[in-house]
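Below you'll find the structure, written out as structure tokens, and then a few comments.
The values are calculated or read from the model by the stated rules, or taken from the named source; none is laboratory data. Note that the structure is a prediction, hence the values are computed from the model and not measured. Neighbour counts run over all protein chains shown; Cβ positions are idealised from the backbone, glycine included. All accessible areas refer to the heavy atoms of the entire protein, side chains included, with ligands and DNA or RNA removed. Shrake-Rupley method; radii C 1.70, N 1.55, O 1.52, S 1.80 Å.
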Amino acid sequence: PESIWQVAAVKSDEAMPFPMPDMDGKLHGCWKELAARAEGCDAVLYGCGLGRSDALDEMARDVLTLPQPLVLDADGINALAGHTDVLKRRRGITVLTPHEGEFIRLA
């Protein structure tokens, strides 16, 4: 999220190449920008530190339509709980990295 990007970028413990629009510290209204930025990427990681909301859960399902290899972690996985059918439609490499709690919610 743009509102916390500078603080997180200084810490530099994960790849954060660009800030995205947010509302109250959560990504918001940025699917088109995210998809456009992903076009220039070799792979996409989605979910780390994301948080939860209906809009973010919907965007996680949209992320599955990207052609790039995709790693889903943390709340990216939680967003698929009850919607695992979307994984069947996914084309391309997809890696899920659940810890025990995320795995239980997903399965």
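Using only DSSP helix segments of four residues or longer, with each worth -39500 (n - 2.57), what per-residue ellipticity at 222 nm results for the chain after dividing by its residue count and rounding to 500?
Mean residue ellipticity, 222 nm, calculated: -10500 deg cm²/dmol.
Calculate one ³J(HN,Hα) per residue across region 66-78 by plugging θ = phi - 60° into the Karplus curve 6.51 cos²θ - 1.76 cosθ + 1.60, and present them in order as whole Hz with x for glycine and proline.
5, x, 5, x, 10, 10, 9, 9, 6, 6, x, 6, 4
Treating cross-link reach as a plain straight distance, find the aspartates and glutamates whose alpha-carbon is under 12 Å from the alpha-carbon of Lys32, omitting any fewer than eight places away in the same chain.
List returned: Asp62.
Leaving out ligands, DNA and RNA, and with a 1.4 Å probe, what % of the accessible surface on the chain is carbon or sulfur?
The nonpolar share, carbon plus sulfur, comes to 55 percent.
Which one, Val86, Gly25, Leu45, projects farthest toward the positive side of the charge dipole computed for region 3-107 from Cβ point charges (K/R +1, D/E -1)?
Sorting the options by dipole projection puts first Val86.
Calculate, axis by axis, the spread of Cα positions in the chain along the three principal axes, and write the results as whole Å, longest axis first.
Taking the Cα atoms of the chain, the three principal extents are 35, 29, 25 Å.
Spelling out what I want: for every residue of region 43-49, take phi, set θ = phi - 60°, compute 6.51 cos²θ - 1.76 cosθ + 1.60 (Karplus), and round to whole Hz; glycine and proline get x.
Working through the residues one at a time gives 7, 10, 10, 9, x, 4, x Hz.
Taking a probe of 1.4 Å, how large is the accessible area per residue of the chain, in Å²?
In whole numbers, the chain has 62 Å² accessible per residue.
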